[in-house]
Amino acid sequence: MVKETMTSEERLMAAISLEKPDRVPIAINLDTAPAARLLGLNSWEVVSQGFGPQLDVVLQVFDEYGGWDGVGGLLPPDLFPVSGMRAKPPSEGSPENQVLEGEVWKPEEYDLLVEVGWQRFVNEQLVFRVSDMTKAEEIAELGSEWMGFLVRFVEEVKKRGAQPYGIMPNVHPFFWMSLTRSMVKFTEDLYYRPDVVERALKAIVPEWTRFAIELSKGMNSKIFFFAEERAGCFFYPMKIFERFWWPYTVEIVDALWSEGIVSLFHLDQCWDQNIPYFKQLPKGSAIIDLDGTTDIFAAKEVLGGHLCIGGDVHPSLLCLGKPEEVEAYCKRLIDEVGRDGGLILGVGCSVPYEAKPENLRAFIETGKNYVPW
Amino acid sequence: MSDALAMALVELKRDEVLGAVKDKAESGDDPLKILEECRRGMTIVGDRFQSGEFYLAEMMLAAEIFKGVVSILDPHMEKVRPPKPLGKVVLATLKGDIHDLGKDIVATLLRARGFEVHDLGVDVLPAVVLDKVKEVNPDFVGFSALITSAFASMKEASELLVESGLREKCKLMVGGGVTTPAVKEHIGADFQTLDAMEGVSYCLKEIGGK
């Protein structure tokens, strides 16, 4: 074991600030289902017991695997409706949390979204379409329970010397629209009624950004997590990205950064063609977290010395590979992406359900022990 | 034959294409010829995707338009003898996974190229795949996966095909966000891709070689 001279917080902040830490920081997104599986438990039983046990299994894995620096990725299915999404909670035949994607709202409702705003649109309309809730009080009660859970999450993680890696699973406004309109319908909106989508984004992004800042401040977090799986070149041409995603993203990052909050971009799927745009963001203002699909080594060539990069051990490697293969890939990441600092070692997207315990251990141990500088 | 309809589809002019197809079908034009013209449009869309000119979103929109065309033409198809399919394909997202976007696109693209597609949907039990393969004797079986909990059910389905002696009669394909060559090896598939058009090209190449 190498001698550690930094706390987890110092290590993560050093990487974000593009400085060389004592060793590479390790951040892991771990949801209930894979955590339960790693402990030999049934995910559907754990989830049915509420928020507390879902956090407990993640913490137990953290403790049993010797800990790491950034803890994130917990995504209780009960919360999906609060974002207007229908969840498919784990069951015996389908053990992972999944979004049951569908057209939750219709194109003619864009006007209402613009009029009442994002949170009221969700709380007064969508929640009741995607859940069994029938009263506003139930949403408030769930929200209050979740905030209590978040406080405990932060306390428990910090008690272990680690840091929350983003506070709450949020999605970029563009991705939110895609998930709640559905991928196909939202794409039709982008191509066949672009002005309507643009008007909605202009209306909701400032509100969403205020929410992000308030939540981060309320939880005393310097990192705000948000996921985007669809705006990249895997799905859309640059003309869509440039009109509907990039300007709003700059707006969000600038607002967060002006409050000293770093944007943690959880970018799934391929973003190879989009990566150069991120160089326009202020130096050190964001973490670009990749899932093993985008070429992380090419991304380093473009963003190195400007933004921290996270990732990206592929789920397939963690599930089907051997520990020595995981170790070799982590070493390559540390050598090539982390050589001058600016790497947070992570798994692609989140720990996959079928991850082999020995591979997760190899991932963590390599991060802790391999220091080529 | 005019290329106007094919090009309108390539340009993603949804209302124009669907309106023209409806008018042509109602005025008694041969539905097979209309379908063929739209298929040529889809082939151009596929070519443009492979060359990097088109993105997945545009291919998806074209596929949606094509689905609309098929739906308009369906009632008129009863009067004509459909051509022999190029080949048969069974597609499924297996147990544990409910994602259908990639599978749906592949299904539409294959139909557009003249394949008979049996789409079993999502969260499909391996035994259901086996039953369908026994029933339709496909040239290809394709599994789509976005999460790793589908690995075990894909492997199980593959093993069921081997045990029943049906595996060697078809090509097994896997695709989707979490698949890699290692996943292909793990389940014993013949082909793996992250790219819907690569899957279609594979089927065309293999069927051409038969």
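Coordinate-derived values only; no laboratory data. Just so we're clear, the structure is a prediction, and the values are computed from it rather than from any experiment. Note that each Cβ is placed from the backbone with ideal geometry, even for glycine, and that neighbours are counted across all protein chains shown.
Worth pointing out:
- Computed magnitude of the charge dipole of segment A:196-250 (debye, nearest 20; Cβ of K, R +1, Cβ of D, E -1): 100 debye
- For chain B, average projected area of the Cα convex hull in nm²: 11.6 nm²
- Legend: residue pairs A:LYS239/A:LYS283; B:LYS13/B:LYS205; A:LYS158/A:LYS368, Cα-Cα distance threshold 21 Å; pairs beyond threshold, A:LYS239/A:LYS283; B:LYS13/B:LYS205.
- Measuring spread by the Cα atoms of the protein assembly as shown yields a radius of gyration and Dmax of 24.4, 81 Å.
- Against chain B, whose longest principal axis comes from its Cα atoms, helix B:31-51 is set at around 60 degrees.
- Segment A:1-55: Rg to Rh, with Rh as the Kirkwood radius over Cα pairs: 1.20
- Packing-based exposure ordering (other Cβ within 10 Å, fewest first) of A:PHE211, A:PHE153: A:PHE211, A:PHE153
- Packing-based exposure ordering (other Cβ within 10 Å, fewest first) of A:LYS20, B:LYS24, A:LYS159, A:LYS217: A:LYS159, A:LYS217, A:LYS20, B:LYS24
- Surface/4 of the Cα convex hull for segment A:248-340, nm²: 6.1 nm²
- Cα-based radius of gyration of segment B:88-208 once divided by 2.2 N^0.38 Å, which approximates compact folds: 0.91
- Mean projection area, nm², convex hull over Cα of segment B:4-77: 4.2 nm²
- Remark on A:VAL313: its backbone amide H falls under 5 Å from those of A:GLY346, A:VAL347, A:GLY348, a criterion applied only to residues 5 or more positions apart or on other chains, H modelled at 1.01 Å from N.
- One chain, two ends: B:LYS84 and B:VAL162. Fully extended at 0.36 nm per residue, the span grows by 25.3 nm beyond their Cα-Cα distance.
- Residues whose amide H falls under 5 Å from that of A:LEU100, counting only those 5 or more places apart or on a different chain, are A:ARG86, A:ALA87, A:LYS88, with hydrogens built in the peptide plane.
- Based on every Cα atom in segment A:288-373, Rg and the maximum pairwise Cα distance Dmax equal 12.1, 35 Å.
- Using Cβ point charges alone (K and R +1, D and E -1), the dipole size of chain A about the Cα centre works out to roughly 580 debye.
- Helix B:56-77 and the longest principal axis of the C-alpha atoms of chain B enclose an angle of approximately 70°.
- Stretching the chain fully between A:LYS239 and A:ALA298 yields a gain of 19.0 nm (0.36 nm per residue, less the alpha carbon separation).
- Screening chain A for whole DSSP H helices with an alpha carbon extent of at least 24 angstrom along the helix axis and a mean Kyte-Doolittle hydropathy of at least -0.5 yields A:136-159, A:194-218.
- Amide hydrogen neighbours beyond the local backbone of A:CYS308, cut-off 5 Å, H modeled: A:GLY284, A:ALA286, A:ILE288
- Estimated D of segment A:87-236 in µm² per second, where Rh is the Kirkwood radius over Cα pairs and Stokes-Einstein applies at 25 °C, 0.890 mPa s: 143 µm²/s
- Take every pair of alpha-carbon atoms less than 8 Å apart whose residues are at least six positions apart; their mean separation over the length of chain B yields a relative contact order of 17 percent.
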